[in-house]
Amino acid sequence: MKNIKYIALMALGLVACEPELDNSVEDAGFYSPGDADFSTFVSIGNSLTAGYADGTVYLEGQKYSYPNILADKFSHVGGGTFTQPLVNDNVGGLTLGGAQIADTRLVLSGTPLGLENLSGTPTTEVSNILTGPFNNVGVPGAKSFHLLSDSYGNVSGVATGTANPYFVRMASSPSTTMLGDAVAQNPSFFSLWIGNNDILSFATSGGVGVDQTGNTDPMTYGGNDITDPMVFHGTYDAILSGLTANGAKGVVMNLPSVTSIPFFTYVDHNPVPLDAATAGYLNSASAYGAYNAGIQGAFAYLVANTPLTQAMADAEIAKRTIVFSESANNALVIMDESLTDLTGLNSQLISMRQATAADLILLTTGPLIGTLAVEADPTSIIGVGVPLNDSQVLTESEVTMVSTAQTAYNNSISMLAAANDGVILIDVKAAMEQLANGGLSSNGTTITDEYIYGGGFSLDGVHPTAKGYAFIANIVIDRINTEFNATIPTTNTGYYPTTYID
Amino acid sequence: MKKLLSFVLFFLVGSTLYAGGYRVSIQGQKQLAMGHTGVAVISSAESVFFNPAGISFLDGKMNLSLGVTGIIAKTTFENATFGDTNSTESGLATPFSLYATYKANDWLSFGLGVYTPYGSSVAWEKDWSGSHLVNDIDLKAIFVQPTISVKISDKLSIGGGPIYVNGSVNFNKNLNRSLSDTDGNRTNVTVEQKNISAWGYTLGVMIKPIEKLNIGFNYRSKVTMEARDGDADFENVPGSLPNNLSDGKFDADLPLPAEITVGLSYEFCDKFLFAFDYNFAQWSEYEALVVVFDNDAGVSTSPRNYVDSETFRFGLQYEATKKITLRTGIYFDGSPVQDGYFAPETPRNESTGYTAGLSYKINDKLSIDASFLYLHFEEIDNSYDYYQEGGQNVPFGGTYKSSVIAPGIGISYKL
């Protein structure tokens, strides 16, 4: 009896007809690559290229890296396979020699929902070198000049900071460079998004590094320094020359402003609620009243004895005078190294002032505000009784350093893109500004820069969500279609995840 | 006989996957071969379904017809904006029918029918681009219809009977377009209920105004499949999700609409029989698919707003030899689905059915009936516009094309 079923199935199968569309998206020529050749697509950059999100690299994040989304769409116009240096799990984090060297991914967890590192042990071992080549040469943490560094993939340099664990595990040899591994694949099309960390590591450290503008030797830079714009320009030129040497076309992305990233915008500068009694105490001579009086005296002395003018003194006195009121929105007290150092006159007159909207309180500082610096000492409330330190806030003058460098880098990127035939500029900066001013919408989904709930930024507050990366991929595809006369399909942003709940 | 019965039973327990809408017009091999006409055809026990009044005029003391059809259906979906291509898994669906009639005396006949006029089984690729609307659906309904027919005169008979329906539903969809657990497994829900009982009825009139001409009328009532306290199984729900999406129960109603059929048959040139049927299905009953969950998933309302639909059927029969009777037919099947309501769980647009078949008479009592249906669908650009996320309609659409072929076989027995 059983055979009858199979015979019947076979007979039916023979006459079964597949429903085929007159014009199928699978048909050759349905989509056009235009003037570009997508057969070998290589993407080079930093964490934004790697698909980094929620504070780490994990499998789901890599799946939704913007170049991987692009490659999926390029496959309709002759694009080949796109390989990525996949990590081992969805837990995130890294180990080196078995010891954990990077945190697991951030997730929302608990009741009420809060931010937590996903429980679990990282299983991605840095010294376990993968066999490439990898079309995605995205290395979290990489700065512009790292792309040319031949020690960046050497495992022995991970501990000292000359190498990057993410590059170590994917490098074709310990002495290769990121650019070398990219160019060796003879790309026909590339994407380049680099330079973010040349300012961002300074910014996310609260500006504890040095603005190295004027110092053209990156070998002397610390990890949190701002790269000299001349160094950036020269490096970027070299990278683009390498990528276009065989005539490859490509896209380059410019750098968004720190003020469009929730890591710098989520925590207000004035979150301190005070009642009349507490405000009165803080303003009294037993608290900041003494500091305010001291400032007056110190500047009177400086005007009398130094070239400092009364106007300059008045301006800084106004800036430094600390006043609290009965309100829900008192400004935080912060340290600002750009203020005139008065501690030589009076060690109590440290360089502190109240924050303004121009100062950016770091996302990671948020949970500390309002806690006690000294146990059981109610006058040691961080941000009120105890000023936020340099690493907890990006002050106005530090913001200026960052934006000045960013403007210089972006000018270089625009100029060098224009100077290279077949290289088009993607204005990610403008897109990110739109994200912070009403949001981006497509396919029935809207993302904004709002932390956690906006959908655009992952839980680390710096890197996009999968949905955010999908929007970026569509911006790239739209530009490619316009500039290269291509008709590449876009991706449906509605299907991409945002923040994950454990 | 025993072998044939076990053959049929074998198919009954086998997988029954339907596709292309949930009314499946395959209720008899002889009549299917004639474009599924039959409201005015007096030929076999298949009349139990097509027009219960017809059994009064059947020859013989007893008539038996049973048959089974293999439906091979597939739907392809494409969206050119995103380059998506998806298709339903091809499966074999096997609607069956079993009819028996018994002439108690000259004016009174009894009958019994067991058949499967509704069913839908569409299985898209798991987590495909329309997975927020449906991953897969399997809807089954077996109709059991005891029948009585009274011959009022040689020119008029009436008939009818109650219909007992036993059905089941299994429906899986993702909760929305993007929710998943931390490993990326999409959050989805399966609603399932078996042994849903419902009742309906059928009434028919057969008129033979002149020799060789029959006029028939048949009304089949609406049947509402009421799922109550079915199982709702939520999978891959993030543990810390503030909403309660624990497994629970669901209620839902699915209407199987009333259907009116009128038609005629006319014998000519001795050996030919022409038949025409007009079906009117009150699909406007199907306003929305409302699923009520007992957890925070709440009430899920998917507007359908179907409209009444018509089908025009034409059939021809030719007694080629004493042993062989040939049949063919064509029908034009309207779609109840309005533009903007084209949901991938029933990806059904207008279609044209081409049918053919034959009967081979083994002896005076027994014949074998074969049929073949090719259902042709034009490709269609359409969408379902009423899925909501965040209070906003999010259309899902593209180009659909379906194809259905359905060969079938059965036997007729006359005593």
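The values are calculated or read from the model by the stated rules, or taken from the named source; none is laboratory data. Just so it is clear, the model here is predicted, and its values are computed rather than measured. All Cβ positions, glycine included, derive from the backbone under ideal geometry; neighbour counts span all protein chains shown.
Taken together, A:Thr499, A:Thr448, A:Thr491, A:Thr487 contain a single residue that is surrounded by 24 or more Cβ atoms within 10 Å (Cβ to Cβ) and within 14 Å of chain B (Cβ to nearest Cβ), which is A:Thr491.
Of all residues in the stretch A:319-354, those satisfying the criterion of being more than 18 Å from A:Val208 (Cα to Cα) and within 30 Å of the chain's Cα centre (by Cα) are A:Asn329, A:Asn330, A:Ala331, A:Leu332, A:Gln354. Within the stretch B:303-341, track down each residue that is outside any strand (DSSP E or B) and over 18 Å from B:Ala281 (Cα atoms). Matches in the stretch B:303-341: B:Ala320, B:Thr321, B:Lys322, B:Lys323, B:Asp339, B:Gly340.
Mind listing whichever residues of the stretch A:451-480 are of a type in the set (D, E, K, R) and either part of a strand (DSSP E or B) or within 14 Å of chain B (Cβ to nearest Cβ) (or both)?
Taking the stretch A:451-480 and keeping what is of a type in the set (D, E, K, R), we get A:460, A:467, A:478-479.
Listed by number, the residues that qualify are A:Lys467, A:Asp478.
Could you check the stretch A:26-61 and list, in sequence order, the residues that are farther than 22 Å from A:Val252 by Cβ and part of a helix (DSSP H, G or I)? Residues satisfying the conditions are A:Leu59, A:Glu60, A:Gly61. Here the stretch B:223-263 is the region considered, the condition is being within 23 Å of the chain's Cα centre (by Cα) and more than 27 Å from B:Gly167 (Cβ to Cβ), and the residue that is farthest from the other protein chains (Cβ to nearest Cβ) is B:Val262.
Being part of a strand (DSSP E or B), small (Gly, Ala, Ser) and at the interface with another protein chain (Cβ under 10 Å from one of its Cβ atoms) narrows it down to one residue among B:Ala73, B:Ala100; which is it?
On the way: B:Ala100 fails: at the interface with another protein chain (Cβ under 10 Å from one of its Cβ atoms).
Result of the check over B:Ala73, B:Ala100: B:Ala73.
Does any residue of the stretch A:74-97 turn out to be within 9 Å of chain B (Cβ to nearest Cβ), closer than 25 Å to A:Phe471 by Cβ and free of Cβ contacts under 8 Å to residues at least 40 places away in the same chain? For the stretch A:74-97, residues within 9 Å of chain B (Cβ to nearest Cβ), closer than 25 Å to A:Phe471 by Cβ and free of Cβ contacts under 8 Å to residues at least 40 places away in the same chain: present. Scanning the stretch B:143-157 for residues that are assigned to a strand (DSSP E or B) and surrounded by fewer than 19 Cβ atoms within 10 Å (Cβ to Cβ) turns up B:Val144, B:Pro146, B:Ile148, B:Val150, B:Ile152, B:Ser153, B:Leu156. Kindly indicate whether B:Gly184 is part of a strand (DSSP E or B) and either at pLDDT below 95 or over 25 Å from B:Thr328 (Cα atoms) (or both). No, not satisfied.
Among the residues that make up the stretch A:259-278, is at least one of them in a helix (DSSP H, G or I), in contact (Cβ under 8 Å) with a residue 40 or more places away in the chain, farther than 30 Å from A:Gly455 by Cα and not aromatic (Phe, Trp, Tyr)? Checked the stretch A:259-278: at least one residue is in a helix (DSSP H, G or I), in contact (Cβ under 8 Å) with a residue 40 or more places away in the chain, farther than 30 Å from A:Gly455 by Cα and not aromatic (Phe, Trp, Tyr). Within the stretch B:79-104, no residue satisfies the criterion of being over 24 Å from the mean Cα position of the chain (by Cα) and buried (at least 23 other Cβ atoms within 10 Å of the Cβ).
Do the conditions hold for B:Tyr278, that is, is it out of contact with any Ser or Thr (no Cβ under 6 Å at 6 or more places or on another chain), surrounded by fewer than 16 Cβ atoms within 10 Å (Cβ to Cβ) and touching a residue at least 24 places away in the same chain (Cβ under 8 Å)?
Values: out of contact with any Ser or Thr (no Cβ under 6 Å at 6 or more places or on another chain): yes; surrounded by fewer than 16 Cβ atoms within 10 Å (Cβ to Cβ): yes; touching a residue at least 24 places away in the same chain (Cβ under 8 Å): yes.
Considered against the rule, which asks whether it is out of contact with any Ser or Thr (no Cβ under 6 Å at 6 or more places or on another chain), surrounded by fewer than 16 Cβ atoms within 10 Å (Cβ to Cβ) and touching a residue at least 24 places away in the same chain (Cβ under 8 Å), B:Tyr278 comes out as yes.
Filtering the stretch A:425-448 to residues that are at pLDDT 95 or above and at positive phi leaves only A:Gly439. Of everything in the stretch B:165-189 that is away from chain A (no Cβ under 12 Å) and more than 30 Å from B:Thr202 (Cα to Cα), the residue that is surrounded by the most Cβ atoms within 10 Å (Cβ to Cβ) is B:Val189.
For A:Asp27, the requirement of being under 23 Å from B:Asn86 (Cβ atoms), among the acidic types (Asp, Glu) and either surrounded by fewer than 20 Cβ atoms within 10 Å (Cβ to Cβ) or more than 10 Å from chain B (Cβ to nearest Cβ) (or both) is met. If you check A:Gly444 against the conditions, is it in the same structural domain as A:Asn196 (by TED's automatic domain parsing), within 22 Å of A:Ile361 (Cα to Cα) and free of Cβ contacts under 8 Å to residues at least 60 places away in the same chain? For A:Gly444, the condition - in the same structural domain as A:Asn196 (by TED's automatic domain parsing), within 22 Å of A:Ile361 (Cα to Cα) and free of Cβ contacts under 8 Å to residues at least 60 places away in the same chain - is not met. Annotation: B:Glu192 fulfils all but one of (1) in a strand (DSSP E or B); (2) within 14 Å of chain A (Cβ to nearest Cβ); the unmet one is (2). Which residues, counting only those in the stretch A:75-90, are in contact with a strand residue (DSSP E or B) (Cβ under 8 Å, 6 or more places away or on another chain) and over 20 Å from A:Glu60 (Cα atoms)? Those that are in contact with a strand residue (DSSP E or B) (Cβ under 8 Å, 6 or more places away or on another chain) and over 20 Å from A:Glu60 (Cα atoms): A:Gly79, A:Gly80.
Residues being of a type in the set (Ser, Thr, Tyr) and farther than 17 Å from A:Asn474 by Cα: count how many of those fall in the stretch A:28-67. Walk me through it before giving the result.
At the first step, the residues of the stretch A:28-67 found to be of a type in the set (Ser, Thr, Tyr) are A:31-32, A:39-40, A:43, A:47, A:49, A:52, A:56, A:58, A:64-66.
Right, trim to farther than 17 Å from A:Asn474 by Cα and you get A:39-40, A:47, A:52, A:56, A:58.
Of the residues in the stretch A:28-67, 6 are of a type in the set (Ser, Thr, Tyr) and farther than 17 Å from A:Asn474 by Cα.
Of everything in the stretch B:362-401 that is more than 9 Å from chain A (Cβ to nearest Cβ) and assigned to a loop (DSSP other than H, G, I, E, B), the residue that is surrounded by the most Cβ atoms within 10 Å (Cβ to Cβ) is B:Tyr386.
Going through B:Thr352, B:Thr346, B:Thr301 one at a time, which residue ends up being surrounded by fewer than 16 Cβ atoms within 10 Å (Cβ to Cβ), of a type in the set (Val, Ile, Thr), within 18 Å of the chain's Cα centre (by Cα) and more than 14 Å from chain A (Cβ to nearest Cβ)?
Values: B:Thr346 fails: surrounded by fewer than 16 Cβ atoms within 10 Å (Cβ to Cβ); B:Thr301 fails: within 18 Å of the chain's Cα centre (by Cα).
Criteria check complete, one pass: B:Thr352.
Listed here are the strands (runs of 3 or more DSSP E) enclosed by the stretch A:83-140 that have at least 1 residues being of a type in the set (Asp, Glu) and surrounded by 14 or more Cβ atoms within 10 Å (Cβ to Cβ): A:114-117.
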